[in-house]
Amino acid sequence: MKNKRLFYGIIFAVLVIIEVIIGVFVHDGFVRPYLGDIIVVMAVYALGRIIIPEKYPFLPLAVFIFSVIVEILQGFHIADIIGVKNPVLRAIIGTSFDWKDIICYAAGCILLGVYEVVLRKTKK
């Protein structure tokens, strides 16, 4: 179990670094707004797997629900409501609602669901 946590910890760290690189250096119309949202749900999934390394096949669904809740809170300007001024924290929390983000979260979670199915099949 320690190996799985380490594996997902490394995956989480790599994905966070990729997200930071995208956020700082990429200013395009595809990678940052779309691929970045797909990668972020994968990072949240990896974080979840550090805590729950196995026997929870519904983690992709839980990540999707969490992501949608965060997106809805962005629509209510949660960063402003709780008084977040730090630009890095505002970027992490998000400051605007977009349906396209939810579609990207769904795409990422579908990929994670496929990963879960493949992972369970290879364990049998």
Scan of segment 20-48 for residues that are among the hydroxyl-bearing types (Ser, Thr, Tyr) and either farther than 20 Å from residue 107 by Cα or open to solvent by 50 Å² or more (accessible area, probe 1.4 Å) (or both), ordered by number: 34
Among residues of segment 41-84, those that are without any contact (Cβ under 8 Å) to a residue 40 or more places away in the chain and assigned to a helix (DSSP H, G or I), counted: 21
Pair list, Cβ < 7 Å and 6+ apart or interchain, from segment 105-124 residues that are over 13 Å from residue 56 (Cα atoms) to residues that are among the β-branched types (Val, Ile, Thr) and open to solvent by less than 50 Å² (accessible area, probe 1.4 Å): 105/41; 105/68; 107/38; 108/38; 108/41; 109/41; 109/63
Would you call residue 8 in contact (Cβ under 8 Å) with a residue 24 or more places away in the chain and either touching a Ser or Thr at 6+ places or on another chain (Cβ under 9 Å) or farther than 18 Å from residue 91 by Cα (or both)? yes
Only one of 51, 69, 92, 102 is open to solvent by 80 Å² or more (accessible area, probe 1.4 Å), within 28 Å of residue 8 (Cα to Cα) and under 12 Å from the mean Cα position of the chain (by Cα), namely 92
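What residue, among those in segment 24-40 that are in a helix (DSSP H, G or I) and over 14 Å from the mean Cα position of the chain (by Cα), is modelled with the lowest pLDDT?
As a first pass, look at segment 24-40 and keep what is in a helix (DSSP H, G or I): 24-25, 31-40.
Retained after the next criterion (residues that are over 14 Å from the mean Cα position of the chain (by Cα)): 24-25, 31.
Details: 24: 84, 25: 91, 31: 95.
So the residue we want is 24.
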If residue 20 meets every condition in (1) part of a helix (DSSP H, G or I); (2) modelled with pLDDT of 90 or more apart from one, which number is that one? (2)
Subset of segment 105-118 (residues that are open to solvent by 50 Å² or more (accessible area, probe 1.4 Å) and among the hydrophobic types (A, V, I, L, M, F, W, C)): 110, 111, 114, 117, 118
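The values are calculated or read from the model by the stated rules, or taken from the named source; none is laboratory data. The shown structure was predicted, so the numbers you read here are calculated from the model rather than taken from an experiment. Counting neighbours? That spans all protein chains shown, and the Cβs are built from the backbone with ideal geometry, glycine included. Protein only, heavy atoms only, side chains kept; ligands, DNA and RNA dropped before computing areas. Shrake-Rupley method; radii C 1.70, N 1.55, O 1.52, S 1.80 Å.
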